[in-house]
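Derivation of every value follows stated rules applied to the coordinates shown; laboratory data play no part. Everything quoted here is computed from the prediction, not taken from an experiment. Cβ placement follows ideal geometry from the backbone for every residue including glycine, while neighbour counts extend to all protein chains displayed.
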Amino acid sequence: MMHCYKYICLFLFSLSCVRISAQQLRGMHENPVIQEHLKSNTARKKAAADITLSLPFIDDFSGYGVFPDADKWADRDVFINNSFSLDPITVGVATLDGIDENGNVYSVTNNPEPADNLTSHAFDLSPYATTTDTVRLSFYYQSGGRGETPEITDSLILECYTPLTGWKTLWFAITEEESPFQQIILPVPDLYYHDGFRFRFRNVVSISANDLDGGEGAVSNADCWNIDYVLLNTDPPEKHRWVNDAALVDLPREVLDFYETVPWKHLNNAVNITLNTIRFDIRNLQPEGSSPLLLTRSFYLKNVSTGVAVHHEKEVMQIEPDTLSLQTIDFDIPLTVPAGDISSEGLYELVSYIETPADQYKPNDSSRVFLHFRNQYAYDDGTPEYGFGIEGPSTDGALLALRFRFYKADTLKAVSMLFNKARNLVNANESFRICVWKDFNGQPGELLYLSPEEFYPNLDESRPAAFEDYLIEGGKGIYISDTSVFIGWKQQTENFLNLGYDVNRNTLGRTFVNISGNWFNPGGSLKPGTIMMRAAVGTLGTVTSTAPLKEAPYEVKAYPNPVSAMLTIEAGPLTLQEIMIVDISGRVVMQRPGTNRIIDVSSLAPGVYQLVMTTDNNLRITRKILKSR
C-alpha cells in the first residue's frame, strides 16, 4: 500500500511539473516597434560623418525616437525605449540586444558573436593633453532588466578610439544574472587625448539553435543590456556620482487602472476607472547632504482631434537629495467622449512634467503617452517584449483564457491577438480555435462559443507583426450582457504559438490555463506581464445596437433535455454539416456528421455540455444540454 501511495504522489508531482513547465516565455525574433517605425519613416535622419562634439557631453536617452540621437551617435543598432529596463535612472534607456537596426535577429551562430554598437561621434581631446584636467566617462548599465538575461559567455564592452590607437577595450562586464543599474566612472587614459576620440558600447551575444526545442524557429532576441545617463566631461568623480539633475523616471502608465484602453463608445460608461491617479517617479540625482529640492509637477490631457488641452493645477513638492520619490497625482480630468462626438475612435495625449531649476538638464523633465481608444478592451501597451506559448506533450487541446470586464453591453465581434514572428515563420502553421466562456467566480465557466474553423497566426515576412482580428461567428459575434467574460483559444498543436507578451502591465491574475481538465493560474511560473489578447466589440469602428443577435429565424430542438442516453436533434429544413458536443472546459467530447440526428450520449459523464451545430452556409447554432445519470 505504501508503494502504491508513493507512485500516486510521484504521478501527481509529475503532472504538476507538466503544468508549470508547459507555459513559457521566449524572446522576440523581431522588434515590431523598430519595424513599424521604419515602415512609416522611410526618410530617416542619418548621422553625419563629420560631426565633432565638444565637452561636456550628456545623453540619458530621454527622447521619443526608437534610435539614438543622430547628432550624438554615429550608428543606430541600439533600441531607445521605456520597456526593457527596470528602475532606470531617468526616463528612456538604450538597449543592446540580439536584434539589429532593421528589427531582425542577428544571424544564427554556434558561438558568441558581436551584435549591437553604440558609437559616439568624434571629440577633439587634444587640448586636454597640455592641461591638468582629467576627462572622465561615466554611465549606468543593467543586465537583463525586463529583457532576456545574458549568459556567462556574453559580455558588454566599452571601447575607446583615436586614429593613432585604433579601438581598444577600456572596460567590460560579464554576468549571467539580472542586475539593478550600476554606475561606472572611468578616467579616459592620456593616450586618447587626441583629435578624433570616440567611445562605443557593444555587446557579444549567443544566438544558437543548438539544444533548443523548435530549432532555428525558436531562435529569438537574447542577452539584453541597458545603458543610461552617459557623461563625458572633466568633472571630478563625485560630480559624476551626483549631478545637478532631477528627472522623471517612467511614463505616466496605468491611468485607466487595469486597462490600457477601452472601446471609444464605452469610455463614458467606464468613468470609474478613468478617475484614477498618475504615477510620478522622480529621481533627485543631487548629492546626499544637499538641500531638499522644491519643484513643480503637473500634467495635461489633450484631445488630439480637437486640440483642446486641459491642465491639472500645478503642485509644489519637496524631494530629498539622492532619492527616488514614488508619488502620485489624482487623475482628476475626466477621460470622456466629447458631447456630440460620433466618431468611431478617439486619441488623447497625456503629458506629465516637472519644472526644475534653470541650471538643470531639461530633456528628462517630461514624459508622454498616447491613449488610443478604438473598439477594443486591451490590457497591453501594444509592444511585446516576449512571446507566450503552451507547448509539450499532451498540450494539444490546451485552453488559454483571459478575463475581461465590459462596461457596456455589446457584441463581442472578435478576439484580437498579436502573434510574434518566429524565425522561418515556423509558428504560422500552428492552429487554434477561438473560445468564449462565461465568468464563474473569477474563473472560466460555461463555454459560450467554440469556433468551428481552425485559425492560424496571420504572419507575413514583408510586414511587422501586428494585431489581427480572429472573427467570432464569421463576424456576427456574440452579444455580451454580463459584466465579465473570458476569451481565449483551444490550441490544436503541441508547439509554441508565440503570442505577444507585454511585461509592463501584469494581468496574470486574470489569466488561466487548462491542460489536463482543470483551470489554473500561471502567475507563479512566469515573469509578470500580460498576454497580448484583446476583446474587440462592435463592428470595425462602430458599436452595435443593444439588442442581442438572433442565431436563426427557425427553431432548432434537442431533446430530451436533460438526456441520459439518446439525444435527438430536429433542425427543420437546415442542412447540418457537423455536430459537436463540448464540455465546460472547451474540450470536444463528441463529433458527428450533420446527418446523424440521433446521438448516443450515454458514455458522457453527468454535467452541462454545449451542443454545437454547423450548417452548410457556415451558420453556427448552439444549445445547452444537461447530461443526467
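Residues whose amide H falls under 5 Å from that of Gly98, counting only those 5 or more places apart or on a different chain, are Ala222, with hydrogens built in the peptide plane.
Using Cβ counts within 10 Å as a stand-in for footprinting exposure, how do Val66, Val436 rank, fewest first?
Numbers: Val66 20, Val436 24.
By the 10 Å Cβ count, ascending, the order reads Val66, Val436.
For the peptides 521-531, 560-570, the ranking by mean Cβ contacts within 10 Å, running from highest to lowest, is 521-531, 560-570.
Cα centroid separation, the range 171-209 to the range 445-507: 43 Å. For Gly103, no residue whose modelled amide H falls within less than 5 Å of its own remains once neighbours fewer than 5 places apart on the same chain are excluded.
Within the shell defined by Cβ-Cβ distances under 14 Å, the residues around Ala466 carry a net charge of -2, with Lys and Arg each +1 and Asp and Glu each -1. Packing, taken as the mean count of other beta carbons within 10 Å per residue, orders the peptides 438-447, 224-233, 359-368 from highest to lowest as 224-233, 359-368, 438-447.
I want the local charge near Asn284. Using Cβ-Cβ distances under 9 Å, sum +1 for each Lys or Arg and -1 for each Asp or Glu among the other residues. Write down the numbers at each step before the final one.
Details: positive: Arg283; negative: Asp245, Glu320, Asp322.
So the environment of Asn284 carries a net charge of -2.
Across the range 238-255, coupling constants 3J(HN,Hα) worked out from phi with the 6.51/-1.76/1.60 Karplus curve, θ = phi - 60°, read 5, 7, 8, 5, 10, 10, 7, 7, 10, 9, 6, 10, 9, 6, x, 8, 6, 6 Hz, and Gly and Pro carry x.
Across the range 353-359, coupling constants 3J(HN,Hα) worked out from phi with the 6.51/-1.76/1.60 Karplus curve, θ = phi - 60°, read 7, 10, 10, 10, x, 4, 8 Hz, and Gly and Pro carry x. Annotation note: GluC sites (Glu not before Pro) in the range 273-319 located in DSSP loop regions with a Cβ neighbour count of at most 16 within 10 Å are Glu288, Glu313. Taking amide H as placed 1.01 Å from N in the peptide plane, the amide H of Val135 sits under 5 Å from that of Val188, each at least 5 places away or on another chain. For the range 32-241, a simple Cβ point-charge model (Lys and Arg +1, Asp and Glu -1, everything else neutral) yields a dipole of about 700 debye relative to the Cα centre.
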